[in-house]
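*Asks:* Just passing along the structure, written as structure tokens.
Every read-out reported here was derived from the displayed coordinates using simple, explicitly stated rules and does not represent laboratory data. In this text, all values refer to a predicted model and were calculated from it rather than measured experimentally. Neighbour counts are summed over all protein chains in view; Cβ atoms, including those assigned to glycine, are modelled from backbone coordinates with ideal geometry.
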Amino acid sequence: MAFEIAQLVLFRHCDPAGIVFFPRYFEMMNDCVEAFFDETLGWPFAEVHKTAAVPTAEIRTRFQRPSFHGDRLTLRLVITHVGRSSLGYDMRAICGEELRFATEAVLVHVDGAGKPAPWPEEIRQTLLPLKEANHDT
């Protein structure tokens, strides 16, 4: 089961040639992760960051094709791993039928001191079925 959000490529995402400046893709990725936490886990970043954080520990991205001002992207996030304090995901950005980027990343749940901490049990129980559902597809 994939989580999806729509992303319109805006002027602010682009360089002077009207092509998405690659660091803006990382902002879009984070927007998708933040929406996933809010809409799927019911744990908005505004709440998460009161006592903890979920920084990116690892990310690997391949940019397939450029995106342009006005393109309508679909960002699709799939959970690939649920650890004690880590969470792996794959994300794809699609425009029509065309892949624009593919990324694999790992988030780590950390406590207020920045040390890895177990996922809250209710969050872990929500994540596990998502990972299992994706394993079957």
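*Asks:* Select from the stretch 108-124 the residues that are under 19 Å from residue 33 (Cα atoms) and not in a loop (DSSP other than H, G, I, E, B) and list them in ascending order.
*Replies:* 108, 110, 111, 116, 122, 123, 124
*Asks:* Out of everything in the stretch 80-137 that is surrounded by 13 or more Cβ atoms within 10 Å (Cβ to Cβ) and of a type in the set (Lys, Arg), what residue ends up being nearest to residue 64 (Cα to Cα)? Working first, answer last.
*Replies:* Our first condition is that a residue be surrounded by 13 or more Cβ atoms within 10 Å (Cβ to Cβ); within the stretch 80-137, this holds for 80-83, 85-95, 99-111, 116-117, 119-120, 123-124, 126-128, 130-131, 133-134.
Add one more test, that the residue is of a type in the set (Lys, Arg), and what stays is 92, 100, 124, 131.
Numbers: 92: 10, 100: 5, 124: 33, 131: 26 Å.
By that ranking, first place goes to 100.
*Asks:* What tally of residues in the stretch 76-123 results from selecting those that are of a type in the set (Val, Ile, Thr) and more than 11 Å from the chain's Cα centre (by Cα)? Step through it out loud before you land on a result.
*Replies:* In the first step, residues of the stretch 76-123 are kept if they are of a type in the set (Val, Ile, Thr); the result is 78-80, 82, 94, 103, 106, 108, 110, 123.
Restricting the remaining residues to those that are more than 11 Å from the chain's Cα centre (by Cα) gives 80, 82, 94, 108, 110, 123.
Residues meeting the conditions: 6.
*Asks:* Let me ask another. Considering only the stretch 36-75, how many residues are within 13 Å of the chain's Cα centre (by Cα) and more than 17 Å from residue 118 (Cβ to Cβ)?
*Replies:* 12
*Asks:* Could you tell me how many of the residues in the stretch 31-63 are of a type outside the set (Val, Ile, Thr), in contact (Cβ under 8 Å) with a residue 24 or more places away in the chain, surrounded by 13 or more Cβ atoms within 10 Å (Cβ to Cβ) and closer than 21 Å to residue 102 by Cβ?
*Replies:* Just the residues of the stretch 31-63 that are of a type outside the set (Val, Ile, Thr), to begin with: 31-32, 34-39, 41-47, 49-50, 52-53, 55, 57-58, 60, 62-63.
Right, trim to in contact (Cβ under 8 Å) with a residue 24 or more places away in the chain and you get 31-32, 35-36, 39, 41-43, 52-53, 55, 57-58, 60, 62-63.
Still in the running and surrounded by 13 or more Cβ atoms within 10 Å (Cβ to Cβ): 31-32, 35-36, 41, 43, 52-53, 57, 63.
With closer than 21 Å to residue 102 by Cβ added as a condition, the list becomes 31-32, 35-36, 57, 63.
Selection size over the stretch 31-63: 6.
*Asks:* Does residue 11 count as of a type in the set (Phe, Trp, Tyr), loosely packed, with under 15 Cβ neighbours inside 10 Å and touching a residue at least 12 places away in the same chain (Cβ under 8 Å)?
*Replies:* Values: of a type in the set (Phe, Trp, Tyr): yes; loosely packed, with under 15 Cβ neighbours inside 10 Å: yes; touching a residue at least 12 places away in the same chain (Cβ under 8 Å): yes.
Criteria met by residue 11.
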